[in-house]
Structures are given as structure tokens and as C-alpha cells.
Amino acid sequence: PVFAGMNGSAVENFSCVIYNVSFMNCTWQAGRDAPGDTQYFLYWQNSKYADEMECELYIKDENGRNTGCRFQNVKIETEKAYFLVNGSSKVSLIQFYDEYIELYKI
């Protein structure tokens, strides 16, 4: 199934901010029911034809869990970008979160 994973394990409050033209920070919170060992990974795609890129510099919380990402040298090529955050845990399957964001809204 497309939405495999434990309910409440996907990230929440996902948002991104672009600043100084070419830098972008994205942040999120761990899912409220995600197991403690859940680790999240962010991928984004600038356009349908661009390669998917994983975060290069994760922001970590006090437990070492990825809760954000800093991107450098961001080039805005389209109006909408695709973001995907998936997760892994030894305890259970983690739901993914994905969203198309209109970059002028960021």
C-alpha cells in the first residue's frame, strides 16, 4: 500500500524558507507516534526533469534525530518543487510525507 507505515509516524509541521536567494532551510517535527529510534531523510526535486537531491546538511535535535535541513546553492528553476521526507526505524514502518510547494510561497 502507498501509505504503509504506522499512523502518526510521518513528520509534522514541515516548512521551508529561502533566504539570501540561494539558501533554503527546511524544518519538521517528528511524528507524534514515531518510535524513538526513527530517523528521517529529506529529498527534494526542483523540477520534473531534475535529479532528486538528498539533504547535504541535516539539522539534528538533542536525540540526534534529523529535524531539518540546510541547502546551499539552491537554484529555483520551476514554480513548484517536490519534497519527500521518509523515515526508518527498527521498531516499525514509518509513513512518508510528501508535498509539492509553490516556491513563491516559501
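Below are the figures for this structure:
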read-out: Test: residue in the stretch 90-102 that is surrounded by 18 or more Cβ atoms within 10 Å (Cβ to Cβ), part of a strand (DSSP E or B) and out of contact with any Gly (no Cβ under 8 Å at 6 or more places or on another chain); value: yes
read-out: Residue in the stretch 64-73 that is more than 15 Å from Glu12 (Cα to Cα), open to solvent by 50 Å² or more (accessible area, probe 1.4 Å), aromatic (Phe, Trp, Tyr) and not in a helix (DSSP H, G or I) present; value: no
read-out: Subset of the stretch 74-88 (residues that are modelled with pLDDT of 90 or more and open to solvent by 10 Å² or more (accessible area, probe 1.4 Å)); value: Tyr82, Leu84, Asn86, Gly87, Ser88
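The values are calculated or read from the model by the stated rules, or taken from the named source; none is laboratory data. It should be emphasised that the depicted structure is a prediction, and the values quoted were computed from it without experimental measurement. In this analysis, Cβ positions are derived from the backbone assuming ideal geometry, glycine residues included, and neighbour counts consider all displayed protein chains. Note: areas computed on protein heavy atoms with side chains; ligands, DNA, RNA excluded. Shrake-Rupley method; radii C 1.70, N 1.55, O 1.52, S 1.80 Å.
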